[in-house]
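Q: Please find one structure pasted underneath; my questions will follow.
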Amino acid sequence: MLEKTFGQKEPSKKYTERVGAYGVGFDKNGKIPVAMTHLYNGKEGYFLLGGGIENDETHSRCIERECLEEAGLKVMPLNFVCKGDYFHFIEQTNTFFHGIGYFYYMEIDKVIANPTEPDHHLVWLTMDEVKEKLFLPHQIWAVEEIYKAFVKKALS
């Protein structure tokens, strides 16, 4: 399994751990759907579609639910590609956080509803924009890995 850790774990700190599943797909123009929301400082933050796994749901079900909630987008997760995690400190909540993400290549169907999370907006980014705008480094890395595995191969 392809796996990579970002950030440094400080041994003396207690981390809040969150496990999530995220989908990366590409439209016919090679753009990737992401959620744009506002951060605590009022700036825009861009994140992959997906999120925390609830109860005992599968990774696929989590991605399908989160894509619908965050973007109104119907998707089909197809292939698990990589696992990335990120140790960091969130100043706004004074929390040491350990985000663990399972990243999947997904097929994008279409927008079928309005998002149920009113602070999330569907935005389509190019690969260059993803590298520039995504907020979390393990998500940027995962997009690059999925691009190499599925899009770049298809173009070769």
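The values are calculated or read from the model by the stated rules, or taken from the named source; none is laboratory data. Just so it is clear, the structure is predicted and the values come from calculations on it, not from any experiment. Virtual Cβ from ideal backbone geometry, glycine too; neighbours counted across all protein chains shown.
Q: Residue pairs, Cβ under 7 Å, 6 or more apart or interchain, first in region 29-55 and more than 17 Å from Lys131 (Cα to Cα) and touching a residue at least 24 places away in the same chain (Cβ under 8 Å), second among the basic types (Lys, Arg) and outside any loop (DSSP other than H, G, I, E, B). List them.
A: Gly52/Arg18
Q: I would also like to ask the following. So which residues in region 1-36 are more than 18 Å from His138 (Cα to Cα) and among the polar types (S, T, N, Q)?
A: Across region 1-36, the qualifying residues are Ser12, Asn29.
Q: Can I ask one more? Taking the stated definitions as given, is Glu17 under 20 Å from Cys82 (Cβ atoms), part of a strand (DSSP E or B), in contact with a Lys or Arg (Cβ under 7 Å, 6 or more places away or on another chain) and modelled with pLDDT of 95 or more?
A: no
Okay, residues lined up against (1) among the acidic types (Asp, Glu); (2) in a strand (DSSP E or B); (3) within 16 Å of the chain's Cα centre (by Cα):
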{"position": "Gly42", "(1), (2), (3)": "no, no, no"}
{"position": "Cys67", "(1), (2), (3)": "no, no, yes"}
{"position": "Lys83", "(1), (2), (3)": "no, yes, yes"}
{"position": "Gln92", "(1), (2), (3)": "no, no, no"}
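Q: Residue check: is Val123 over 24 Å from Ile100 (Cβ atoms), at pLDDT 95 or above and either among the aliphatic types (A, V, I, L, M) or more than 13 Å from the chain's Cα centre (by Cα) (or both)?
A: In short, yes.
Q: Let me ask something else about it. What number of residues within region 130-156 are touching a strand residue (DSSP E or B) at 6+ places or on another chain (Cβ under 6 Å), more than 13 Å from Val24 (Cα to Cα) and at pLDDT below 95?
A: Residues meeting the conditions: 1.
Q: Hey, another quick one. Identify, please: which residue in region 58-88 is in contact (Cβ under 8 Å) with a residue 40 or more places away in the chain and either of a type in the set (Ser, Thr, Tyr) or surrounded by fewer than 15 Cβ atoms within 10 Å (Cβ to Cβ) (or both) and is, among those, nearest to Tyr104 (Cα to Cα)?
A: Among residues in region 58-88 that are in contact (Cβ under 8 Å) with a residue 40 or more places away in the chain and either of a type in the set (Ser, Thr, Tyr) or surrounded by fewer than 15 Cβ atoms within 10 Å (Cβ to Cβ) (or both), the one nearest to Tyr104 (Cα to Cα) is Asn79.
Q: Filter region 100-145 down to the residues that are among the aliphatic types (A, V, I, L, M), over 19 Å from Arg65 (Cβ atoms) and in a loop (DSSP other than H, G, I, E, B) and list them by number.
A: Result: Leu136, single match.
Q: Also, quick follow-up: Condition first: polar (S, T, N, Q) and loosely packed, with under 12 Cβ neighbours inside 10 Å. Now tell me which residues in region 1-51 satisfy that.
A: Initial filter on region 1-51 (polar (S, T, N, Q)): 5, 8, 12, 16, 29, 37, 41.
Listed by number, the residues that qualify are Gln8, Ser12, Thr16, Asn29, Asn41.
Q: Which condition does Gly99 not pass, out of (1) crowded, with 17+ Cβ neighbours inside 10 Å; (2) modelled with pLDDT under 95; (3) touching a Phe, Trp or Tyr at 6+ places or on another chain (Cβ under 8 Å), if it passes all the others?
A: Of the numbered conditions (1) crowded, with 17+ Cβ neighbours inside 10 Å; (2) modelled with pLDDT under 95; (3) touching a Phe, Trp or Tyr at 6+ places or on another chain (Cβ under 8 Å), the odd one out for Gly99 is (2).
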